[in-house]
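Just below is one structure, and these are the notes that go with it.
The values are calculated or read from the model by the stated rules, or taken from the named source; none is laboratory data. Quantities reported herein were computed from a predicted structural model and do not represent experimental measurements. Neighbour counts run over all protein chains shown; Cβ positions are idealised from the backbone, glycine included.
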Amino acid sequence: MLQSTAINTNGNATGVAEGTKQGTTGQAEKMDTNGMSPETGTSSQEQSANSVINIKGLSLTFETNDGPVHALSDIDLTINQGDFVSFIGPSGCGKTTLLRAVADLEQPTGGELWVNGVSAQQARLNRDYGYVFQAPALYPWRTIAGNISLPLEVMGIPKSERQDRIARNMELVNLSGFDKKYPWQLSGGMQQRASIARALSFDPELLLMDEPFGALDEIVRDHLNEQLLRLWDKTDKTVLFVTHSIPEAVFLSSKIVVMSPRPGRIYDVIDCNLPRDRGLDIREAPEFLEIAHRVREGLKEGHSYDD
Amino acid sequence: MTTDALISPGVTGGQGLWSRLMSGKTGPVLVIVMAIIAIWYFSAVMLNSPFQKEIYKRNSVEWTTSQLISDTLSQERPVLPAPDQVVVELYKTTILKKVTSKRSLVYHSWITLSTTLLGFIIGTVLGILLAVGIVHNRSLDKSLMPWIISSQTIPILAIAPMIIVVLNAIGIQGILPKAFIATYLSFFPITVGIVKGLRSPEVIHLDLMRTYNASNWDLFWKLRWPSSVPYLFTGMKVAIATSLVGAIVGELPTGAVEGLGARLLAGSYYGQTIQIWSALIAAALLAAGLVSLVGISNKVVLKKMGMAQ
Ligand SMILES: Nc1ncnc2c1ncn2[C@@H]1O[C@H](COP(=O)(O)OP(=O)(O)O)[C@@H](O)[C@H]1O
Ligand SMILES: [Mg+2]
């Protein structure tokens, strides 16, 4: 109840009623109050001009048999075009849930969430983002090339262009020559790289990546970190990136969101403006270590009350 | 104890040979087959001897045990024919007869086989269509499923004559009524299998399609259908066998003169037990052949799909 009041005040400030947004209880209240303040509509649109993700007072509670689980509570966050935002925090602090909410795979129970200025649902319908799951999630009856081709087929891209894009993205993740292999013939790390190539294949402006490199060994991870950084630098994509690794977060990000569990909330947001053309050796530079230190402190304080 | 006597050569042949034989797949199967044959001979002697003793008595013949055994195993209309009698009958009615002859078991097997296959194909298509409807439409799920399940609780022997008579009345004759009975039995395992298969994709695979805003068409053809292929084959293995049962049952009420069912029926009219048993063996061989054919195509298809490891 304490949460829902917070949502309402938040909703009053900048809420926009939109038909496509699914009417959970929190949003229904929001839309009622919205009618009384017509000027709020413009403020949200101004924000959406350069911001890709707008989150205000977002909460998400799972109703389970053991009672409600507050996976996300009162999240406020704005992510701009071209940001690389890492989410770091202990297991169960809601990182995956937040990413899934942005992807319209989970329905928030309160607050607001805008993606590219429209609802998360509309953004999904517009195919605005590419999602890399924690597991590779390759289809076992498709070859690696076939798996990368899947979104392209669904989105109706012609065959000749498909082949082009498959080859390009397989090269990007160092999988050239494995196109005819089936998933079970590849190591877990290679499968995960294939799933990254699949998400990149249709060239989405927004990338949502849930611990994509979690299962990879150090060397492959370093390599892919560099590749991803270069890709981001070149293309001005917006990336939301969940990780457990502090060096990875600091190396990749323009912004680091430190989260804390039970209920899942944002503990700290750290700006991290290392030079864009950085290489892996920056990990020894003092400014890198300083940011890493702040992240580590945030993580420690964020969940000092258990483990 | 007859079994012991029969398999003992294997045992005395040396422990090494015995354990080597039993560790493979053929060894245990061979032992079972031999045990069955031994029990079969033993039962044939037991079941046929009362009649044989009757004959001895009537003709006042002195008999020895070995005489009795050899006579019980060579009666013309035994209660239980001996395996070798059935083998000889099978040989006579397959190899020695032209396949077009009404007395050829190959001819009758072909009649039953064609009914089985037609019924199986219709059953598979029907089973798939029903399953697709059930998975995509909640009200179909609620309304169809109870009917489908209760259809299988009715004994097929009870409704087979009605199906034949009704279809005959509206002018459908020949292979189709029999095939429909085969269909009646074979669509069910297909429907159950495919329903399960279409619902089998993992959440993460469904989520992936959701992120692409995939159409239901793509969702079906690119995810649900490929996921259900292994389930389809499991269903087909059962369906081909039940289809054969349906085809044989379908031949009974027509007073048919063709097919393994007709052979069974005619055999029982005239007390031709050897003919009954050879028809039974032919049906069993047909079933085994069909099931393993489905099994082989299962392997081939899964391998083609890259799912066989
Ligand atoms: N579908 C669900 N049903 C119930 N509880 C869930 C569900 N998904 C996640 N949770 C719970 O929500 C919390 C946050 O989970 P998650 O977002 O996966 O955390 P993280 O990714 O940071 O490890 C956890 O306590 C988890 O158990
Ligand atoms: Mg997670």
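Out of curiosity, is B:Leu90 assigned to a helix (DSSP H, G or I) and closer than 28 Å to B:Gly193 by Cα? Can you show your working first?
Details: assigned to a helix (DSSP H, G or I): yes; closer than 28 Å to B:Gly193 by Cα: no.
No.
In region A:128-149, which residues are more than 7 Å from chain B (Cβ to nearest Cβ) and among the aliphatic types (A, V, I, L, M)? Across region A:128-149, the qualifying residues are A:Val132, A:Leu138, A:Ile144, A:Ala145, A:Ile148.
Can you find even one residue in region A:118-127 that is charged (D, E, K, R), within 12 Å of ligand 1 (Cβ to nearest atom) and either on the phi > 0 side of the Ramachandran plot or within 14 Å of chain B (Cβ to nearest Cβ) (or both)? No, region A:118-127 has no match at all. Restricting the search to region A:242-265, which residues are assigned to a loop (DSSP other than H, G, I, E, B) and within 13 Å of ligand 1 (Cβ to nearest atom)? Listed by number, the residues that qualify are A:His244, A:Pro261, A:Arg262, A:Pro263, A:Gly264.
Yes/no per residue for (1) assigned to a strand (DSSP E or B); (2) near ligand 1 (Cβ under 8 Å from one of its atoms); (3) more than 14 Å from chain B (Cβ to nearest Cβ):
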position	(1), (2), (3)
A:Phe62	yes, yes, yes
A:Pro68	yes, no, yes
A:Ala71	yes, yes, yes
A:Leu77	yes, no, yes
A:Ser86	yes, no, yes
A:Cys93	no, yes, yes
A:Arg100	no, yes, no
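Restricting attention to region B:162-208, the residues that are surrounded by fewer than 22 Cβ atoms within 10 Å (Cβ to Cβ) and within 14 Å of another protein chain (Cβ to nearest Cβ) total 8.
Those residues that are touching a helix residue (DSSP H, G or I) at 6+ places or on another chain (Cβ under 6 Å) and in a helix (DSSP H, G or I), I need them from region B:255-267; list them, please.
So in region B:255-267, the residues touching a helix residue (DSSP H, G or I) at 6+ places or on another chain (Cβ under 6 Å) come out as B:256, B:258-264, B:267.
Across region B:255-267, the qualifying residues are B:Leu260, B:Gly261, B:Ala262, B:Arg263, B:Leu264, B:Gly267.
For region A:204-228, name all the residues that are more than 16 Å from ligand 1 (Cβ to nearest atom) and in contact with a strand residue (DSSP E or B) (Cβ under 8 Å, 6 or more places away or on another chain).
Filtering region A:204-228 for residues more than 16 Å from ligand 1 (Cβ to nearest atom) gives A:204-207, A:216-228.
The answer is A:Pro204, A:Glu205, A:Leu206, A:Leu207, A:Leu228.
Based on this model, can you work out whether B:Gly127 counts as at pLDDT 90 or above, more than 22 Å from the chain's Cα centre (by Cα) and assigned by TED's automatic domain parsing to the domain that holds B:Ala266? Walk me through how you get there before you give the answer.
Details: at pLDDT 90 or above: yes; more than 22 Å from the chain's Cα centre (by Cα): no; assigned by TED's automatic domain parsing to the domain that holds B:Ala266: yes.
For B:Gly127, the condition - at pLDDT 90 or above, more than 22 Å from the chain's Cα centre (by Cα) and assigned by TED's automatic domain parsing to the domain that holds B:Ala266 - is not met.
In this structure, B:Ser228 qualifies as buried (at least 22 other Cβ atoms within 10 Å of the Cβ), hydroxyl-bearing (Ser, Thr, Tyr) and out of contact with any Asp or Glu (no Cβ under 9 Å at 6 or more places or on another chain). Taking residues in region A:277-292 that are closer than 18 Å to A:Ser86 by Cα, and partners anywhere that are in a loop (DSSP other than H, G, I, E, B), the pairs with Cβ atoms closer than 8 Å and at least 6 places apart or on different chains are A:Ile282/A:Leu274; A:Ile282/A:Pro275; A:Glu287/A:Leu274; A:Phe288/A:Leu274; A:Ile291/A:Cys272; A:Ile291/A:Leu274.
The condition (being more than 14 Å from chain B (Cβ to nearest Cβ), away from ligand 2 (no atom under 16 Å from the Cβ), assigned to a strand (DSSP E or B) and not hydrophobic (A, V, I, L, M, F, W, C)) is satisfied by just one residue among A:Asp277, A:Asp233, A:Asp268, A:Asp222: A:Asp268. When you scan region B:154-200, how many residues do you find that are within 30 Å of B:His136 (Cα to Cα) and basic (Lys, Arg)? Residues that pass the stated criteria total 2. Residues that are of a type in the set (Val, Ile, Thr) and buried (at least 18 other Cβ atoms within 10 Å of the Cβ) were ranked within region B:235-273; the one that is nearest to B:Ala158 (Cα to Cα) is B:Val249. Among the residues of region B:71-124, those identified as farther than 15 Å from B:Gln275 by Cβ, of a type in the set (Val, Ile, Thr) and not assigned by TED's automatic domain parsing to the domain that holds B:Ala262 are B:Thr72, B:Ile95, B:Val99, B:Thr100. More than 12 Å from every other protein chain (Cβ to nearest Cβ), buried (at least 17 other Cβ atoms within 10 Å of the Cβ) and basic (Lys, Arg) - does that describe any residue in region A:193-212? Within region A:193-212 (the criterion being more than 12 Å from every other protein chain (Cβ to nearest Cβ), buried (at least 17 other Cβ atoms within 10 Å of the Cβ) and basic (Lys, Arg)), the answer is yes, since at least one residue qualifies.
If the requirement is being part of a helix (DSSP H, G or I), touching a residue at least 12 places away in the same chain (Cβ under 8 Å) and either among the aliphatic types (A, V, I, L, M) or surrounded by fewer than 21 Cβ atoms within 10 Å (Cβ to Cβ) (or both), which of these qualifies: A:Leu152, A:Leu175, A:Leu113? Break it down stepwise before answering.
Numbers: A:Leu175 fails: part of a helix (DSSP H, G or I); A:Leu113 fails: part of a helix (DSSP H, G or I).
The conditions single out A:Leu152.
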